[in-house]
Amino acid sequence: MSDSRRRILVTTALPYANGPIHLGHLVGYIQTDIWVRFQRMGGHECYYVCAEDTHGTPIMLRARAEGITPEALIARIDKEHRADFAAFGISFDNYHTTHSEENRLLAEGIYHALSQSGHIARRTIRQAYDPLEKMFLPDRFIRGECPRCGSADQHGDSCEVCGATYAPTDLKNATSVISGATPVEKESEHFFFKLGDFEGMLREWINAGHVQDEVRHKLEEWFAAGLQDWDISRDAPYFGFEIPGEPGKYFYVWLDAPIGYMASFRHFCDRTGVSFEDYWDADADTELYHFIGKDILYFHTLFWPAVLHGSGYRRPSAVFTHGFLTINGQKMSKSRGTFISARAYRDQLEPEYLRYYFAAKLNNRVEDIDLNLDDFTQRVNADVIGKLVNIAARCAGFIAKNFDSRLGSRLDDDALLAQFVDAGSTIAAHYEGREYSRAMRDVMALADRANQYVNDRQPWRIAKEPGREQELHAVCTLGLNLFHVLVVYLAPVLPRLAERAATFLATEITEWGAHRRVLLDQPISAFTHLAKRVDPKRVTAMLEASRDTTPATDVGAASGAAVEPIAATIDYDAFAKVDLRIARIIGAKHVEGADKLLEIELDLGGARRVVFAGIKSAYAPDTLIGRLTVVVANLAPRKMRFGTSQGMVLAAGPGGRELWLLSPDKGAEPGMRVR
């Protein structure tokens, strides 16, 4: 590593205060924490800050649904998130909230600077409005029939059945998911950030190596399409910061969320005396890095640098983007138990093992990684236990029994230790470049060599032969020194194991240079198990617990679905008109040209019906044949592009793969009415 001391500020995408942390989120936090710990071990001044992302309509509506204030909701979620991060060893220097005075002042200051520089425009727009709730509706809170294929219960901006995109005003029979009312169009004045003003600056910044190549290519597509003005305002009611001098107008969550990075650091600086300006002034010579998921590229690589530059602050040194997490080769699924929360994992398994597995998969490209649970079990047991810890276990007993727990004054093979130490520069370069998988491969290759050395020297045989005590002492002392070097290399990934190993070896493993320290003629502590094997039964228990404790909402940086409010009440007479019947599925097939649609043939006790259902993402056709379900039997036939749908099967869930057909208990027969 370089001898020059760097000054670095690092952030990770803010978790939305609307639900639990899950393993997909942890990819970003763990990747960042490994890099931060490596920088700190190198002696650099490296600060890592984050915060709860707390504003927006979903937070407001979820709090309302729970009968509590938004402040109470975010306080509860904040406590849960902090516990999860601590369990996985995420070493924030400061963890704050976007609902803070620091963030309000910074957001107002940035807005004023942009406005005074002519980068804010005012325009009157027409939006969907809920006349009962008296609020403008985000697209996700409008449902209706797709204007292209006619599928019911589709979002306000896109159809999950045919993939069409459209304006909310194009929906047929649209309703508000908040009240059930029919939205009306209403005009409102909004404030827009003129992103196009910064196209030249952004092109220069992007092409100067501040983003990965894959990201740069994606941004070129957006440049080609034209940079659009960004609506940074929302109308009351809204949970967030009111725009100064504009009653009833609020900053959109995506304006103040990234400013939350600055606010969290301001909070840290006020506590510690670190200079905020040294890291955020336009001419700051410090380093600033954002680690984000690929779903929030547009905000972090276009809007955010432009907002910073336009308001007189420095731009990021780099934005590091990572991919998504799949589990067992598929998207995380609540029905399969693979939508795993951080808590469900840590209740059953060692959190550091997930850190190691992610490190063994991560590189510096925008690639999805897969958590294959069988491979996870085998790799952790083979690498961490069978290779790394095994080195110490094979040597420690001889030192304790034969040499009063004291290392020898010489090594059996100085050249071998020198080879291990010399590998440090290459491994450090891998960490610096976020090529963690390469670092892990190099470390485990060294672990194999160390174990082979022990196999070749056979200290258990030497111990049985009189007169070879000094040789035994030198062999086992070298074995523990090789183990020590490897633990230093893995300390950014396995910090708690490194602490236990340091206690055992009576040394400190806090600096990268510790790998050059040779441990000779010094006492060591009694060896205890530094790590235990992954029990496959625990993995199974985690999956079962995840099926039982599926979270009601998803979480994303500045995004997340609220608990869907109950629709407006109806009287009994209206409900009684709905004829729900038991039906047996006797046929099912894919619909050509439809991404998420299945054609299902139903038997309603002699009557046959064909319906089209948007459940393709959750069910394969052959898995449906023969099962009973519930159908709206008296729904008027609906002509669709693919044919006529003669009813509607009922399913529950947020959509996509997370859908469950309603099924009756045993004893039900086709044609029976649901009462």
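The values are calculated or read from the model by the stated rules, or taken from the named source; none is laboratory data. The shown structure was predicted, so the numbers you read here are calculated from the model rather than taken from an experiment. Note that each Cβ is placed from the backbone with ideal geometry, even for glycine, and that neighbours are counted across all protein chains shown. Areas reflect the complete protein model, heavy atoms only, side chains present, ligands, DNA and RNA absent. Shrake-Rupley method; radii C 1.70, N 1.55, O 1.52, S 1.80 Å.
Quick notes
- Pairwise FRET efficiency - ARG82 versus ARG336, Cβ, R0 = 30 Å, nearest 0.05: 0.55
- For the stretch 221-310, relative contact order (Cα pairs under 8 Å, six or more residues apart, normalised by length) works out to 15 percent.
- Modelled FRET efficiency - R0 22 Å, SER425 with ARG496, Cβ distances, 0.05 increments: 0.30
- Computed extension gain for ALA415 through ALA393, at 0.36 nm per residue and net of the alpha carbon distance, reaches 5.7 nm.
- Each peptide in 290-300, 620-630 gets a packing score, the mean of other Cβ atoms within 10 Å over its residues, and the list from highest to lowest is 290-300, 620-630.
- Share of carbon and sulfur in the accessible heavy-atom surface of the chain [1.4 Å probe, %]: 48
- Under 10 Å, Cβ to Cβ, from ASN103 - net charge with Lys/Arg +1 and Asp/Glu -1: -2
- Shape of the chain, Cα gyration tensor, a/c cut at 1.5: oblate
- Within the chain, helix-based [θ] at 222 nm, where runs of 4 or more DSSP H residues each add -39,500 (n - 2.57), nearest 500: -11500 deg cm²/dmol
- One Cα centroid belongs to the stretch 336-352, the other to the stretch 279-301; the line between them spans 30 Å.
- Rel. contact order, % - alpha carbon contacts under 8 angstrom, at least six apart, the stretch 378-533: 37
- Bridge type composition, the chain - antiparallel percent by DSSP, nearest 5: 70
- Averaged over its residues, the chain has an accessible area of 42 Å² per residue, based on protein heavy atoms and a 1.4 Å probe.
- Segment SER188..LEU132, full-extension length gain: 18.4 nm, with 0.36 nm per residue of separation and the alpha-carbon distance subtracted.
- Positive contributions from Lys and Arg (+1) and negative ones from Asp and Glu (-1), summed over other residues with Cβ under 13 Å from the Cβ of GLU350, come out at +4.
- The stretch 579-675: GluC sites (Glu not before Pro) falling in loop per DSSP and having at most 10 other Cβ within 10 Å: GLU592
- Local charge for ILE34 was computed over the other residues whose Cβ lies under 9 Å away, with Lys and Arg +1 and Asp and Glu -1, and equals +2.
- Computed from the C-beta positions of ARG123 and GLU277, the FRET efficiency with R₀ = 45 Å rounds to 0.80.
- Checking Cβ-Cβ separations below 4.7 Å across the chain identifies CYS46, CYS50, CYS269 as cysteines lacking any candidate disulfide partner.
- Amide proton proximity set for HIS22, modelled H, under 5 Å, gap of 5+: ALA342
- Overall form of the stretch 149-246 per C-alpha gyration tensor (a/c, 1.5; a/b vs b/c): oblate
- Normalised contact order of the chain, rounded percent, pairs of Cα under 8 Å and 6 or more residues apart: 16
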